[in-house]
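Since the structure comes first, as structure tokens, the remarks are kept for the end.
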Amino acid sequence: MSRRKFCKKLLAAGVGLCVLPLFTGCTALQGKRFASAFSDNQGQHFVAWFDESGNILGQVRIADRAHDLCHVAHSNTLLAFSRRPGRAMYVIDMQSSEIQSTVESAANQHFFGHGALSNDGQWLYTTENYFDDDYKAHEGLIVVRNTHNFAVESQLPSGGIGPHQLASLMHEDTLVVANGGIHTHPASPRTKLNLDSMQPNLSYIDIASGKILEQVQPTDHLLSTRHLCLASDDTVYVGCQYQGPKHLAKPLIFSHQRGEQLSSLQANDKQWMAFQQYTASLAINETGTTLAVTSPRGGVISYWNLKSGKLSSIETQNDCAGIAPLGDEFIASTGRGDLVSHKSHIEHLLHWDNHMIKL
């Protein structure tokens, strides 16, 4: 792979004297621009936006580590969602490079790190958890806010426990959400409290009524449905994280169309084992021919032919995490601070951790 310098203005832009800042969420903006939340190795947290050559265009320091981002085009703002069990969402003005406001979740609720915009950009939908002092598992929430002052307009049931990533279907007034099925509590946020009884699913929700229109579950209840992306025809691709015995090879990536069951993409057991039972970000290239899925635990980036549903190739890439379309190719982030594509390898200066999504 060829190499070229990435984020050559990083130090000049004041992200710090750190060699390995930690990225936690990235989005591709219009005009081949990107934005990401990251943390430096002094524990400071930021959101920055930059072009495809790595030139920093703006940045803002935030109080918490963020997970994913949304770009609100009509106001040119970035929304940064704190990682679970964080309660803050930062509204960042890209023109002034300032925090416009900080939106907090309701009492006894926290964000799950993801949000999605309506197709017209007027509404924001966030996955959130309601918790109590008794550690009781509650159905997840989809909280609806307007994108002008971010006031809460309504709350919808997510259709399951532990909702994570969601998206607005392009051709109907419906949300699709991956309910991971895992019950957690902010007092011990990484402890999985219900593995024996977890029931992950993919749920379709009518936005107007809040009615659950359709649900599908993986055949194995230990396949936690986590991240997803949409094709142009509203086919959903969902990535799972398996919670069962480490030696088992399980399909981890599925496609779904309304009225059907989840359909596993095709790979052999050896190839599935390369993921180490874990997927992170999913993205479809701009020509709609290829799906890319990362696995930071397995250290691989996989590329799938969407016409055949078969694995096209799998590349070793240490601690890869985020992925986003870049023309007919992809750009992926790694925990070593690299950005990688089929055509180029962008030099180590930044440490990424999570999602890139094309908006």
Total residues in the range 131-142, condition open to solvent by 20 Å² or more (accessible area, probe 1.4 Å) and in a strand (DSSP E or B): 1
Residue satisfying condition, being within 21 Å of Asp40 (Cβ to Cβ), β-branched (Val, Ile, Thr) and either surrounded by 20 or more Cβ atoms within 10 Å (Cβ to Cβ) or at pLDDT below 80 (or both), within set Thr334, Thr294: Thr334
Check on Asn194, open to solvent by 10 Å² or more (accessible area, probe 1.4 Å), closer than 18 Å to Gln241 by Cβ and touching a residue at least 12 places away in the same chain (Cβ under 8 Å): yes
Filtered residues of the range 110-129 (kept if among the hydroxyl-bearing types (Ser, Thr, Tyr) and open to solvent by 10 Å² or more (accessible area, probe 1.4 Å)): Ser118
Answer residue from the range 297-310, given it is crowded, with 20+ Cβ neighbours inside 10 Å and of a type outside the set (Gly, Ala, Ser) and is farthest from the chain's Cα centre (by Cα) among those: Trp304
Unmet requirement for Gln199, which otherwise passes all of (1) under 22 Å from the mean Cα position of the chain (by Cα); (2) open to solvent by 60 Å² or more (accessible area, probe 1.4 Å); (3) without any contact (Cβ under 8 Å) to a residue 24 or more places away in the chain: (3)
Selection within the range 151-173 - surrounded by fewer than 19 Cβ atoms within 10 Å (Cβ to Cβ) and either polar (S, T, N, Q) or more than 21 Å from Ser209 (Cβ to Cβ) (or both): Ser154, Gln155
Residue match in the range 174-187 (condition: at positive phi and out of contact with any Lys or Arg (no Cβ under 8 Å at 6 or more places or on another chain)): yes
Wholly within the range 1-78, strands (runs of 3 or more DSSP E) carrying at least 1 residues that are modelled with pLDDT of 75 or more and of a type in the set (A, V, I, L, M, F, W, C): 33-39, 45-51, 56-62, 66-72
Of all residues making up the range 92-119, the number that are touching a residue at least 24 places away in the same chain (Cβ under 8 Å), assigned to a loop (DSSP other than H, G, I, E, B) and under 28 Å from Ala187 (Cα atoms): 3
From the options Arg87, Arg83, Arg145, residue that is farther than 29 Å from Asp234 by Cβ and crowded, with 16+ Cβ neighbours inside 10 Å: Arg87
Any pair with Cβ under 7 angstrom, 6 or more apart, that starts in the range 242-266 at a residue that is modelled with pLDDT of 95 or more and open to solvent by 40 Å² or more (accessible area, probe 1.4 Å) and ends at one that is in a loop (DSSP other than H, G, I, E, B) and of a type in the set (Asp, Glu): Lys250/Asp220
Single residue of Asp68, Asp64 found to be touching a residue at least 12 places away in the same chain (Cβ under 8 Å) and open to solvent by less than 10 Å² (accessible area, probe 1.4 Å): Asp68
Any chance Arg226 is at pLDDT 95 or above, surrounded by 15 or more Cβ atoms within 10 Å (Cβ to Cβ) and under 26 Å from Asp68 (Cα atoms): yes
Residues located in the range 42-52, provided they are over 21 Å from Gly113 (Cα atoms) and of a type outside the set (A, V, I, L, M, F, W, C): Gln42, Asp51, Glu52
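The values are calculated or read from the model by the stated rules, or taken from the named source; none is laboratory data. Note that the coordinates shown come from a computational prediction; the quantities given were computed from them, not determined experimentally. Virtual Cβ from ideal backbone geometry, glycine too; neighbours counted across all protein chains shown. Please note that ligands, DNA and RNA were not included when accessible areas were found on the heavy atoms of the full protein model with its side chains. Shrake-Rupley method; radii C 1.70, N 1.55, O 1.52, S 1.80 Å.
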